[in-house]
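Some notes on the structure that comes next.
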Amino acid sequence: MERLRVSGQFDYKLVLDPKLDADYTEIPSMIIQPFLENAIWHGLMHKKGKGLLLLSFKVINDRILCTIEDNGVGREAATALKQHSSQRHTSKGLQITRDRLSLYNSRFGMDASFDIEDLRDADGQPSGTRVNIWFPLIED
């Protein structure tokens, strides 16, 4: 939907591990959606040229690794751009996502977690952001 809204300013790719049965694997979208939105609005919208958003799901041992990666301007540049704009909104997205994940973990006895990586090119310049979200793989 966001891609349509911004006139195709970025492409996206969805990669699903063949080991996952998409019909029987549940991933809480309330955890993934804020990271996708951040990648688009803070990383890709400020990029010169066409952006790319990658969403992948891979089975690693007894866990599912959900990766959200963009080739946008990176968190450092996005923060600097925000400070120079007239927008004075204080983002609470990361804290809300942490709270949601904590609630998910305690309610379902899970051990889901996430980490964020700043990507850099060969010259050490920011080249995007990667979010890794780990979910336990529950098999019947």
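Here is how the numbers come out for the structure above:
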read-out	value
Unique match (being modelled with pLDDT of 90 or more and either closer than 20 Å to Asn38 by Cα or in contact with a Cys (Cβ under 7 Å, 6 or more places away or on another chain) (or both)) among Thr90, Thr79, Thr129	Thr129
Selection count where residues are in contact with a Cys (Cβ under 8 Å, 6 or more places away or on another chain) and part of a strand (DSSP E or B), scope the stretch 30-57	3
The stretch 107-135: number of residues that are in a strand (DSSP E or B) and of a type outside the set (A, V, I, L, M)	14
Residue in the stretch 47-59 that is modelled with pLDDT under 95 and either touching a helix residue (DSSP H, G or I) at 6+ places or on another chain (Cβ under 7 Å) or of a type in the set (Gly, Ala, Ser) (or both) present	yes
Residue count, the stretch 17-29 (criterion: in a helix (DSSP H, G or I) and either over 15 Å from Leu55 (Cα atoms) or aromatic (Phe, Trp, Tyr) (or both))	0
Test: residue in the stretch 9-16 that is in a loop (DSSP other than H, G, I, E, B) and either among the small types (Gly, Ala, Ser) or modelled with pLDDT of 90 or more (or both)	no
Residues of the stretch 31-68 that turn out to be more than 14 Å from the chain's Cα centre (by Cα) and of a type in the set (Asp, Glu), as a count	1
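The values are calculated or read from the model by the stated rules, or taken from the named source; none is laboratory data. Note that the structure is predicted; figures quoted are calculated from it, not measured. Note: ideal-geometry Cβ built from the backbone for every residue, glycine included; neighbour counts use all protein chains shown.
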